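> What follows is a single structure, and I will ask about it in a moment.
Values quoted throughout were computed directly from the atomic coordinates according to the rules given, and no laboratory measurement underlies them. A quick note: this is a predicted structure, and the numbers were derived from the prediction, not measured. Using ideal geometry, Cβ is built from the backbone for each residue, glycine included, and neighbour counts are taken over all protein chains shown.
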Amino acid sequence: MFLEMRVFGITIDPFTNAPIVILKDLEEKNSLPVWIGVLEASAIAAELEKIQFSRPMTHDLMKNILRNLDISVDRIEVSDLKDNVYYARIHLNSLGNPFVVDARPSDAIALALRMSSPIFVDTKVLDKSKTVDMRAEDLKKGRGSKDLLDMLEELSPEDFGKYKM
């Protein structure tokens, strides 16, 4: 079963300094932290803040190509989590012909934001994300994924600074 979610904000993993995009369901009962790269975080943040660049960035280019070819993004899905790697699919439609492409969640989310397309997460991914493996260095320091997940659950919109929605 899939649950519609939205981008709640972007934060930084306090242990690794890696960016995390936070998805929350529409009722804000469930959240999903997805670790992403710096460039992808920048692309998502730029769209959240409606920053316009003089030349199109990669996801803007994708949006322009899809629109010029009359292809819509019906939805994106964060569809799986295996070995701490998230998987996503982009559901496209070309003149009534639906098709699906595999994507990294960060790219799918950046495109969905630009195309005003809904974001869905498989509830199995939500369940799996609650048991993310702890890193060896965190175990040595007495910190684990439970600490981070607890911290993420307690975040408020004000904790996201200029990247909140």
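> Which log10 I(q)/I(0) values does the range 24-73 give at q = 0.16, 0.17, 0.20 Å⁻¹ under the Debye formula, counting every alpha carbon as one identical point scatterer?
Evaluating at q = 0.16, 0.17, 0.20 Å⁻¹ gives log10 I(q)/I(0) of -0.66, -0.73, -0.88.
> Placing unit charges on C-beta atoms (Lys and Arg positive, Asp and Glu negative, everything else neutral), compute the dipole magnitude of the range 1-44 about its Cα centre in debye, rounded to 20. Mind dumping the intermediate values first?
Values: 3 positive and 6 negative charges, 9 e Å.
It works out to roughly 40 debye.
> A further question on this structure: Could you derive backbone 3J(HN,Hα) for the range 59-64 from the dihedral phi with the Karplus parameters 6.51, -1.76 and 1.60 (θ = phi - 60°), listing whole Hz in sequence and x where the residue is Gly or Pro?
After applying 6.51 cos²θ - 1.76 cosθ + 1.60, I find 6, 5, 4, 4, 4, 5 Hz.
> May I pose another question? Amide H to amide H under 5 Å from M5: which residues, 5+ apart in sequence or cross-chain, H placed 1.01 Å off N in plane?
Hits under the 5 Å cutoff: I119, F120, V121.
> With the cut-off at 23 Å, tell me which of the pairs K82/K130; K50/K124; K29/K50; K63/K128; K82/K124 have Cα atoms farther apart than that.
On the way: K82/K130 13 Å; K50/K124 32 Å; K29/K50 27 Å; K63/K128 31 Å; K82/K124 11 Å.
Violating the 23 Å limit, Cα to Cα: K50/K124; K29/K50; K63/K128.
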